[in-house]
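This report refers to the structure that appears directly beneath it.
What follows draws every value from the coordinates through simple rules; no lab data is involved. From a predicted model like this one, the values you see are computed outputs, not experimental measurements. All Cβ positions, glycine included, derive from the backbone under ideal geometry; neighbour counts span all protein chains shown.
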Amino acid sequence: MVNPMSKDLSIIVPIYNGGKTADKFLSEIAGLFSKDSTKEVIVVNDGSTDNTSQILDKYASKLRIINHDKNKGKGWAVRTGIMNSAGRKIVFIDGDGAFPLTEIQKVAEQVGTYDIVLGMKRHKQSQWITSESKVRKLLGKCFNLFVNVLFQIKVKDCLCGLKGFKSSVAKDLFSDLMRNDWIFDVEILYKAKKSGYSIGEVPVKLYYVGDSKFTILDPLKMIFKLLRLRYDLAHQTINKKEKTRIAKIITGNAENKQP
């Protein structure tokens, strides 16, 4: 059992089939943080089917490794790390090397000033060390615009893979996570706004490391998933209100029956 709140910072790294990039990234992050007793690095292997498990075995003495028996999605991998963390602050970072490790501290320093801190890829002060394609840049802008209209989150970068939280805030937001895949970021930020948590944004340095290829159907799939999430979140809110109402009725009836 991990002693809760025994660290200043927990760094969560979700990895799935990261064989091409994991070794270099884990070597760097272990070298930077493994000897710092105030910090912990938790790597969540999300049911990888390549050689990721063998790579992680090399770092078992320097990093905390948690293995999912099957692929559950990035959102659930991040949740697993958060729920097993011991830090007063939590930062999760993609394990593909997209962000220089110096950016972890940049985000962590702002946690406390804000409940949640988002790395920003799309800001005039953000530094792309290697640039993304024009198509991805356009899709990213359109995605954020659509999310902000549909969910009223009002942030500039929903999906940046570098985010920081106060521990209590992260564990509250992730405790009843509905979406396990990439869309979990939107869910968490929507719930944060509804709960009144403060959200700050920090421009970051990053590399473009994407190797996936978009098809013409991908934007349509994204729109469908976002619409479905918006419906489910509204339905969840209604259910919670109804449960609260029923609980108050039951409590009131019980009090009235007392002599």
*Any idea how far apart Leu32 and Met5 come out in nm if each label point goes 7 Å out from Cα toward Cβ?*
2.8
*Kindly flag which residue pairs out of Lys70/Lys205; Lys24/Lys163; Lys24/Lys134; Lys106/Lys225; Lys20/Lys62 have an alpha-carbon separation exceeding 30 Å in this structure.*
Lys70/Lys205; Lys106/Lys225
*³J(HN,Hα) across the range 219-225 via Karplus (A = 6.51, B = -1.76, C = 1.60, θ = phi - 60°), whole Hz, x for Gly/Pro?*
x, 5, 5, 4, 4, 4, 5
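Report the full-extension gain for the segment Asp50 to Leu150: residue separation times 0.36 nm, less the Cα-Cα distance, to one decimal in nm.
32.3 nm
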*Length added when fully stretched, Leu220-Ala60, from 0.36 nm per residue minus Cα-Cα*: 53.5 nm
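Mind checking the range 140-203 for trypsin sites (Lys or Arg not before Pro) that DSSP puts in a loop (not H, G, I, E or B) and that have at most 11 other Cβ atoms within 10 Å?
Loop-located and lightly packed - Lys154.
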*Which of the trypsin sites (Lys or Arg not before Pro) across the range 1-71 are loop residues per DSSP, with 15 or fewer other Cβ within 10 Å?*
Lys20, Lys35, Lys58, Lys70
*asked:* Suppose the chain between Ser198 and Asn17 were pulled fully straight at 0.36 nm per residue; how much longer would it get relative to their current alpha carbon spacing?
replied: 61.8 nm
*asked:* Rounded to the nearest 20 debye, what is the charge dipole size of the range 1-110 about its Cα centre when +1 sits on each Lys and Arg Cβ and -1 on each Asp and Glu Cβ?
replied: 220
